[in-house]
Amino acid sequence: MAGKLTLIVELVTVLGAATVGGHLANRLGQPLLLGYLLAGAVVGPAGLKLITTEGNIQVLAEIGVALLLFVLGVEFSFKDLLRLKTIAFGGTTLQILLTTLLGGGLTYLTGWVDSIPKAIFLGAVLSLSSTAVVLKSLIERNEVQTTHGQVMLAILIVQDLALGVMLAVLPALTQPPETIGLAIGFAVFKASLFLVGALLAGRWFIPWLIRWMAQSESQELFLLGILVLCLGIALLASSLGLGIAMGAFVAGLMISNVEYADHALDRILPMRDVFSTLFFTSIGLLIDPAFLLQNSRELLGLVAISMLGKAAIVTPVVRLFGYSLKTSLMVGLGINQIGEFSFVLASVAQAQGLFSSRLYGLAIGTTAITLLITPFTLKSIPYWLTWLEQWPLIDAILHSNRLSHQWNGTEKLTGHVVVAGYGRVGKTLVRMLYFQGYQILVIDNNEAALQTLRERNIPYLFGDASSQIVLEKANLATAKAMAITLPDPLATRLTLKRALSLAPDLDITVRAHVNSEIDSLYQLGAQEVVQPEFEAALEMGAHLLLKLGDSTFDVQQMVHRYRSGRYRDILPERAEYWGASNLELALEGLQRNWYVVQADSPLLGRTLAQAQVRRLTGATVMAIERNKKLYRYPTGDALLELGDRLLVVGNDKEHRAFLALLEGNL
């Protein structure tokens with residue numbers, strides 16, 4: 001009886017450990033993947049020995065791999081890639097080849113692997129990055145729509161797509177040297193034949209089959225049919241020597257354009273999450289801390305090859321395709337880890353006999369370490385780049401671009417409106433201003449998006465709007481107004497701060513991304529801050545109130561009251577909004593320092609408005625600490641008292657000027 005219950009016991013143990021590990025990782029701000037890996041290590045042979053690597057869990061983990069790749073195929077979008085097709089396909093291909101060459105070459109020369117096929121396979125494992133971890137970090141930091149975020153995702157998607165090619169071709173490396181060329185050619189032929197068959201079936205047979213399953217109007221039968229289709233095609237690919245993962249990915253591609261694809265994805269996702277959790281936890285079963293400690297030299301070497309080597313490759317590759325050095329650095333340092341699909345590739349290498357248990361263990365350990373470091377790396381990059389941008393020469397280098405920086409004639413503009421950011425919001429705003437007959441100057445670093453401006457002969461500056469050099473070319477001193485619609489919160493704050501340092505009286509309207517930014521942007525000098533979600537709610541509310549019979553005057557007064565009050569009356573969770581953590585978030589990327597108001601300071605007894613801090617120094621007082629109480633975002637009528645601690649933001653020059661003002665030397 002005990003033997004019959006073995007699978008259930010293993011399943012409960014692994015999923016229970018994964019739940020606890022994932023919860024702890026989530027509370028610590030780490031990717032769930034790391035929690036699953038560590039949970040597997042705890043209950044595995046190197047830990048509590050509750051699970052062995054020989055059990056049925058490995059079979060269920062294979063299903064997890066198949067479903068993982070199947071969902072990737074369903075979600076794959078050529079439309080998203082075509083927007084950045086040059087860097088996506090050309091740049092990623094170059095990156096994979098160079099990383100494979102670097103990783104495989106170094107490990108072969110150092111003797112960590114004893115054959116070229118093993119070196120190539122290991123290099124391929126190191127070439128893939130983590131879509132899940134990077135995407136999660138970008139979403140948390142609201143950077144998905146930024147230039148570096150879009151380039152990262154484009155490269156990551158093509159890397160995931162390249163996994164299918166690797167799974168088809170790389171197993172041929174197990175053949176003897178004299179027949180390896182023939183084996184690779186035959187593998188390519190089989191893969192091509194399989195893909196052609198899949199393409200034809202996806203065009204003629206699969207849509208009919210899925211419609212037939214959907215006509216049953218039974219969710220259970222539809223789910224079973226999708227599951228059988230996925231695993232059936234995966235088994236067919238495996239029988240052809242292409243691997244289960246490759247087959248599952250192709251199965252996903254086959255239904256990705258079918259009208260029921262979204263419904264199929266919705267049905268399969270819960271199962272995917274459970275089985276893929278089993279897969280990642282089963283990988284953790286193989287982690288042996290004692291083994292990693294004994295092989296620490298090789299482990300650190302592989303981590304260095306991956307993180308430093310890949311960053312050194314990706315940065316110039318992105319730069320080669322016309323992006324600024326700043327964007328290139330952010331992409332290079334953002335995708336320099338080893339991804340979750342490297343596990344799949346490493347598992348195939350071990351199954352083919354190319355990876356020994358020692359090499360496989362090193363690959364798993366390297367992946368876990370790089371995934372652990374990645375969130376911290378992504379969070380720290382903006383701070384380092386902001387610090388470097390303080391020096392004009394470095395700032396010019398970081399924002400330089402091989403492409404032309406501006407449309408001829410921008411130096412003659414006067415009385416114009418500057419729009420920083422030509423994304424979805426920026427494009428709509430530019431169209432409104434254009435049809436109203438206003439002179440416009442657009443600042444953006446997306447070369448493809450600027451084509452429309454060229455066609456309409458609208459002046460633009462190509463570059464990062466937060467760059468001091470780019471802003472100096474925008475003739476802000478002669479501009480009528482400015483709108484900042486950038487998708488990056490840090491770039492928004494820097495652009496606002498630097499624009500006002502060049503034109504202190506410029507009327508600037510800013511788009512806020514989250515609630516916590518509203519008051520900080522006002523405090524930094526914005527004349528108007530617009531929060532798109534609140535504006536949508538106000539417009540919907542106004543429409544409903546008018547339909548319900550409220551007078552137009554009353555509705556207009558209500559909307560005006562909410563806007564003039566900076567949305568405070570409708571802010572959700574106001575207690576959290578005023579928390580210190582949100583102040584820190586609002587100041588992220590800005591230089592700040594604390595100053596104390598002494599008895600001999602000329603600011604003593606004066607309000608902030610009377611002191612004219614921003615006009616005289618360019619700096620901004622973001623908070624006042626008095627009697628152990630913190631008053632955030634003080635208004636102009638805030639009176640400065642003896643012993644007040646002032647939290648001030650600004651660059652080095654502005655901080656020096658504020659200190660001189662505080663001490664009466666200005």
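The values are calculated or read from the model by the stated rules, or taken from the named source; none is laboratory data. Please read these numbers as outputs of a predicted model, since none were measured by experiment. Every residue, glycine among them, receives a Cβ derived from its backbone with ideal geometry; neighbour counts consider all protein chains shown.
At a glance:
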{"read-out": "Which numbered condition residue 336 fails, given (1) part of a helix (DSSP H, G or I); (2) under 16 Å from the mean Cα position of the chain (by Cα)", "value": "(1)"}
{"read-out": "Considering residues of region 598-632 that are assigned to a loop (DSSP other than H, G, I, E, B), hydrophobic (A, V, I, L, M, F, W, C) and touching a helix residue (DSSP H, G or I) at 6+ places or on another chain (Cβ under 7 Å) only, the residue modelled with the highest pLDDT", "value": "603"}
{"read-out": "Residue satisfying condition, being under 25 Å from the mean Cα position of the chain (by Cα) and surrounded by fewer than 22 Cβ atoms within 10 Å (Cβ to Cβ), within set 514, 510, 559, 555", "value": "514"}
{"read-out": "Residues of region 280-295 that turn out to be assigned to a helix (DSSP H, G or I) and under 29 Å from the mean Cα position of the chain (by Cα), as a count", "value": "5"}
{"read-out": "Matching option when the condition is in a helix (DSSP H, G or I), at pLDDT below 75, within 30 Å of residue 315 (Cα to Cα) and assigned by TED's automatic domain parsing to the domain that holds residue 121, among 172, 168, 183", "value": "168"}
{"read-out": "Candidate set: region 609-646, residues that are hydrophobic (A, V, I, L, M, F, W, C) and touching a Phe, Trp or Tyr at 6+ places or on another chain (Cβ under 6 Å); chosen: the one farthest from residue 386 (Cα to Cα)", "value": "624"}
{"read-out": "Among residues of region 465-507, those that are touching a residue at least 40 places away in the same chain (Cβ under 8 Å), of a type in the set (Gly, Ala, Ser) and surrounded by fewer than 19 Cβ atoms within 10 Å (Cβ to Cβ), counted", "value": "1"}
{"read-out": "Whichever residue in region 576-597 is among the small types (Gly, Ala, Ser) and part of a helix (DSSP H, G or I) and, among such residues, is modelled with the highest pLDDT", "value": "586"}
{"read-out": "Tally of residues being of a type in the set (A, V, I, L, M, F, W, C), in a loop (DSSP other than H, G, I, E, B) and modelled with pLDDT under 80 across region 189-240", "value": "1"}
{"read-out": "Inter-residue pairs, beta-carbon under 7 Å, first in contact (Cβ under 8 Å) with a residue 24 or more places away in the chain and assigned by TED's automatic domain parsing to the domain that holds residue 653 and in region 591-620, second surrounded by fewer than 13 Cβ atoms within 10 Å (Cβ to Cβ) and among the hydrophobic types (A, V, I, L, M, F, W, C), 6+ apart", "value": "597/642; 599/642; 604/642"}
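This table checks each residue for (1) among the polar types (S, T, N, Q); (2) touching a Lys or Arg at 6+ places or on another chain (Cβ under 8 Å).
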residue	(1), (2)
316	no, no
330	no, no
339	no, no
342	yes, no
351	no, no
354	no, yes
